[in-house]
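In what follows, a structure is listed as C-alpha cells, so that the remarks can point back to it.
Read-outs throughout are calculated quantities, based only on the coordinates presented, and are distinct from any laboratory measurement. Only a predicted model underlies this, so the values are computations on that prediction, with no experimental measurement involved. Cβ atoms come from the backbone with ideal geometry, glycine included; neighbour counts cover every protein chain shown.
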Ligand code: PMP
C-alpha cells in the first residue's frame with residue numbers, strides 16, 4: 001500500500017480524498033459504484049476545494065491583499081471552507097447565510113471565527129437574497145473581495161485540476177460514468193470537463209433534486225422547477241457561470257425519500273454517516289449504473305461524490321422530530337430511541 005505523504009502545511013490537507021466502493025449501491029445497480037469521500041476534507045465538505053482555489057485566484061490577480069477580508073453568500077459549507085483557508089492565510093471572513101440552513105453549520109462558522117450574517121430565505125430575483133446581500137457587503141467593506149462561488153469559475157477549476165484528475169488516477173483510467181447534483185455546479189461541471197479531457201466516452205449525468213430547474217433544462221432546454229427538497233447546498237434554478245458549457249450527457253431526478261433511503265442504508269449497512277446531497281448523489285449513481293447496463297455497458301464503473309458529513313445535520317436529518325415535521329420518513333432506529 002502506498003504511504004500517505006506528510007504534508008508541509010495545513011492547506012495541503014485539502015483534496016486527495018479517498019475513493020471507496022459502495023457495496024449496497026453496487027449490488028442494487030449491478031455494477032461498481034464508488035464514492036469520492038469529500039467529507040474527509042478538513043472542513044468536512046467538497047467545498048474546501050473551491051474555497052482554496054477562489055482565494056488563491058484572488059491573490060494571484062492582486063485583488064486580495066495581506067490582512068484582507070473574504071465575503072461570501074453560502075448555504076454554509078463554502079463558508080466553512082473559506083473560514084478555514086482564510087484563517088490559515090491571515091484573512092478575515094464574513095459569511096451571509098439563509099437562516100433555514102442547519103444550526104450545526106452556523107455554529108461551526110461562528111466557532112471558526114467567521115462573522116456570520118443570516119438573512120431570510122428568498123428568491124434569487126429578490127435584492128435581499130443571500131448572494132446579493134453578500135456582494136453588497138463585499139463592496140462596502142474595506143479590503144474585501146467577494147468570493148462569488150456561483151459564477152466565479154475558479155470554483156470549477158478546483159474540480160478540473162483536482163477532483164477529476166484524482167478520480168481518473170484512483171480509477172486507473174477505467175471509469176464509465178460520473179454523476180452528482182449541483183449547487184453552484186462547480187463540481188459537476190469541473191469533474192465533467194476534467195474527465196472528458198481524459199476520455200470523452202465517460203458519461204456525465206446530472207442528478208437533480210426536486211425543486212431545482214436543471215433537470216428540465218438538460219432534458220428539454222427549459223429552466224423549470226417542480227416540487228421541493230429539504231437537501232441543503234443543492235438545487236439550482238439558473239445556469240450559473242460554473243455550469244456554462246458543462247458536458248452533461250444525461251440527467252436523473254431524485255426525490256428526498258430516495259436520497260434518505262440511501263443515507264439510511266449507507267449508515268446502517270456500511271457505517272458511513274452522510275448528508276442528504278450525498279444520498280441523492282448515490283441514488284443518481286445507481287440510476288446511472290442501471291442506465292449504462294441497459295445501454296449494453298457490462299461491468300460499468302460509476303463514480304459519485306459524498307459531499308459532506310452527516311454530523312453536520314444531527315439536528316435535522318438525524319432528528320425524528322424534524323424529519324416528522326417535514327413529512328419525511330423517520331429512520332426506524334431514531335423512532336425507537338425516543
Ligand atoms: N452538497 C452539499 C452539502 C453542498 O454544500 C454543496 C455546495 N453548495 C453541494 C453538494 C454542491 O456542490 P457544487 O456547489 O459544487 O455544485
Exposure proxy check: 302, 96 ranked by fewest other beta carbons within 10 Å?
-> 96, 302
As a check on your grasp of the helix formula, calculate [θ] at 222 nm for the chain: sum -39500 (n - 2.57) over DSSP H runs of n ≥ 4, divide by the residue count, round to the nearest 500.
-> -11500 deg cm²/dmol
For the chain, longest principal axis from Cα atoms; helix 186-198 axis from its Cα atoms; angle between them, nearest 10 degrees, is 60
Highest mean first, what order results for 205-213, 36-44, 10-18 on Cβ atoms within 10 Å?
-> 205-213, 36-44, 10-18
Taking neighbour Cβ counts within 10 Å as the exposure measure, how do 8, 139, 59 sort from fewest upward?
-> 8, 139, 59
Could you tell me how many degrees, from 0 to 90 and to the nearest 10, lie between the Cα long axis of helix 130-140 and the main elongation axis, the longest principal axis, of the Cα atoms of the chain?
-> 30
Using only Cα atoms, find the angle between the long axis of helix 276-294 and the longest principal axis of the chain, and express it within 0 to 90 degrees, rounded to the nearest 10.
-> 40
Among 297, 268, 312, what is the fewest-to-most ranking by other Cβ atoms within 10 Å?
-> 268, 297, 312
Specify the inter-centroid distance of the stretch 265-289 and the stretch 20-48, based on alpha-carbon positions, in whole Å.
-> 7
